[in-house]
Each structure stands twice: as C-alpha cells, then as structure tokens.
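These notes concern the structure reproduced below.
Laboratory data are not the source of any read-out in this text; all were calculated from the coordinates shown. Predicted model only: the values in this text are computed from it and were never measured. Note that we place each Cβ from the backbone using ideal geometry, even for glycine, and neighbour counts take in every protein chain shown.
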Amino acid sequence: MFDIPIPDQSGAAELQVNPYVARLFLSEFSMRGGDAAALCLALNFSYADLQVPGFRISYLQASHAIRRVLTAVQDPNVGLRLGIQRNLVSFGLVGFGAMAAPTLCDAARLALRFQEEAGSLLMLDVENGDDHAVALAMPRFSDVAIEAALVDGTFAALVSSARQIVGVDFKPRAVELVARQPMDTALYQQIFQCPVRFGCMRNRMLVDNAWMQSKVSSGDSMSLRRIESHLETDSPRKPEANPIEAAIESRLREDIRNPPTLAELAEVFGMSERNLRRRLSEMGRSYGDMLDQARKTRTLELIAHTQRTMREVAEEIGFNDPRSLRRAFKRWTGKTLASAMAGVVASRSQR
C-alpha cells in the first residue's frame, strides 16, 4: 500500500455508489478485531447505515474505508478471500437476473449493464475475440491503491458465480493481472484453475466461447425480463457509453508507450480529424485529456506494483525523459515523484 491520494477528489466525492464491497471489507476488518464502527464514523457514516436498503456512500468514502482496512489487515489475499465468498444472491437483483439468463453470455451482459447496481467499484467491460470473451476491470479515478484487491475479488466472484449457474467445472482460459506476482500464488491457482499471469498491462479474464454459450440450468426468459424491468426502473438514468470514447480509452490502455495520433484514430473511425475532435468535445472530452488520464493511471500502477526506475516509468508511458514525468506527476497528485516512489519502497520494507 502507498499513500498517494485519489487524484480526482471532486469526481470521487460526487459519485454515489452501492456500499456492498466496502461493507465486505469492513466486516472482515471487524472479524479480525478492528473497530469498524469507529472507522465508519471517521468517514461520516455509521456502520449500521450499511445495512439500510438503498443507502449510498461516495466513491471517495468507499475507497478510504477499503484503503484503511487493507493497511490494517496486511493480507495480500484478502480480495480473493472476500470474492470467493460471494454468490449470486449477494449481487441482489442482478444476481437473480443472472440465474434467469438463458446462457452465461446473457448473464454476463446483464452484469455488465447493471454493474453499479451489483456493487462494482471498478469499471468493467467485455471484449470479444475470435474464440473467447475477455472481461476487463479498470480502476476508477486512477485509484490503484485498492485496484489489486478489488480486481482479485471481482474476478474471484465472477468465477464463483459462473460455477453456480453453469457448473463447477467452469474455469477461465487465463487470468491476467496488473499487480506484481505475490510470493505465494497457491490461492490464485486454487480459485481460477487456469494460468494466472502478473505484471500485465491490463486486468483481464479470458473465457472460451464454449463456456460463454453454456446453458444456465435455472434460465427463465420471462423471469429475466421482469428482473430487467425492475432494474431499469430502480436504476438511475445514466448516459450510454459512447463507443468512440470507449475505443480510444481501450487503444490507449493497450499501448500507452506508443499512443496513436488523433489523425490515426480518426482514420480508424472513418472520419476527419476535425470531426473526431468535435465529437469528443460534444462529450466534454479531449484527446489530450484522455491521453493524460491513461498515462496517469499507468504511472500509478507501475509505481505501486513494480520496481522500475523513473526513466523506465517515463519510457513505459511514452515520455521522452524523466523530467516530463516528474512535472506531470506533480500536476496529477500534488506530490513529487521521488517522494511517492520512496514511500512505496518504505511500505514494502515494513511488510
């Protein structure tokens, strides 16, 4: 763990989230002898509030709660342990909808569409390959301090849920994690039962299409439509994700070392550079801001999970020299890069 604040404090404070995941971590903290009630009060809500249906906290409150629990318990496997305990019922209506879906693919679509209602603090997406699907998990607000625990828990919960509806033999083709490899990977192998790779560019879980098309034994189309109707009624209206925006973010995430120019992206989308710039502006975005955000997230991941030098980090994110990285890091976090890297080294030595 390292003490780099969430860069976008205002956005993280404004986003209201389902507190389910924070409650899981706080319950674990309490079971290990921690004072969860005091921790909650310090964050301006009560432990009892978490049991109230419909109660919401800000993403910033959830993040701070999870950070403090992770610092206190010092258990690198806590995310996995909490994730594997989850079952479809714990996802609420979304879980019941997954049980009513005709296939695992339909269940995945529902979970993706209503991920906030299911309690996800990550940004989840799905990509389709020739013979497999890829579940992607990305941190919000470049919040990499809790990324590894949330990703571990999310992927473990997805595997556990899939086994519940399509059979205990379900296993992914592979799991790829941004986090560095821990000393003991036995629990990862026990849960996922497939190759698990660490130090990757993105958090991905690959699933063969044969599994995605597996029939759900409890599938019931009428029940699924009713549940979807309830979810649509109860869920806050959010603008649909723009495919151009999502495609650009994905492209940057794949190779931030060599980001495409706006002109190259425009050609991919079959439009002029001017039109692409205008489309992004209509969404309140700019390519420069998107590139900056991708570099920020990757920088924080590298600092948190690797032991690269400043020059190596700068090269990894596409900067020509460490000076550019140092200036950008100060702008992103208000901290110097040297102090942040020293803090990470110090925190590792205390484990």
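Could you please report the charge total around Leu24, scoring K, R as +1 and D, E as -1 over all other residues with beta-carbon less than 12 angstrom from its beta-carbon? It would help to have the intermediate numbers written out before the result.
Working: positive: Arg23, Arg81, Arg86; negative: Glu28.
Neighbour charge sum, excluding Leu24 itself: +2.
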message = Give me the dipole magnitude in Debye, nearest 20, for the chain about the Cα centre, with unit charges on the beta carbon: positive for Lys and Arg, negative for Asp and Glu.
response = 780
message = To the nearest 20 Debye, how big is the dipole of the range 1-74 about its Cα centre, given +1 on the beta carbon of each Lys and Arg and -1 on that of each Asp and Glu?
response = 160
ask   = Can you list the residues, at least 5 places off or on another chain, whose amide H is less than 5 Å from the amide H of Val126, using H built in the peptide plane?
value = Leu136
task = Among Gly129, Gln213, Gly167, pick out the residue whose Cα is farthest towards the positive end of the charge dipole of the range 76-238, where Lys and Arg carry +1 and Asp and Glu carry -1 on C-beta, about the Cα centre.
result = Gly167
query = For the range 196-274 and the range 127-148, what is the separation of their C-alpha centers, rounded to whole Å?
reply = 9
FRET efficiency estimate (nearest 0.05) - Cβ-Cβ, Asn44 to Gln213, R0 45 angstrom = 0.45
query = Quick one: how many lysine pairs in the chain have C-alpha atoms under 27 angstrom apart, if they're 8 or more apart or on different chains?
reply = 4
ask   = Which of these values of Rg and Dmax of the Cα atoms in Å was calculated from the structure shown: [x] 23.2, 75; [y] 28.6, 128; [z] 20.4, 60?
value = [z]
query = Amide H of His132: which non-local residues (sequence gap of 5 or more, or other chain) have their own amide H closer than 5 Å, using H built in the peptide plane?
reply = Asn209
request  = For every other residue with a beta carbon closer than 13 angstrom to the beta carbon of Lys171, add +1 if it is Lys or Arg and -1 if Asp or Glu, then tell me the sum.
outcome  = 0
query = What whole number of Å gives the distance from the Cα centroid of the range 305-342 to the Cα centroid of the range 43-89?
reply = 30
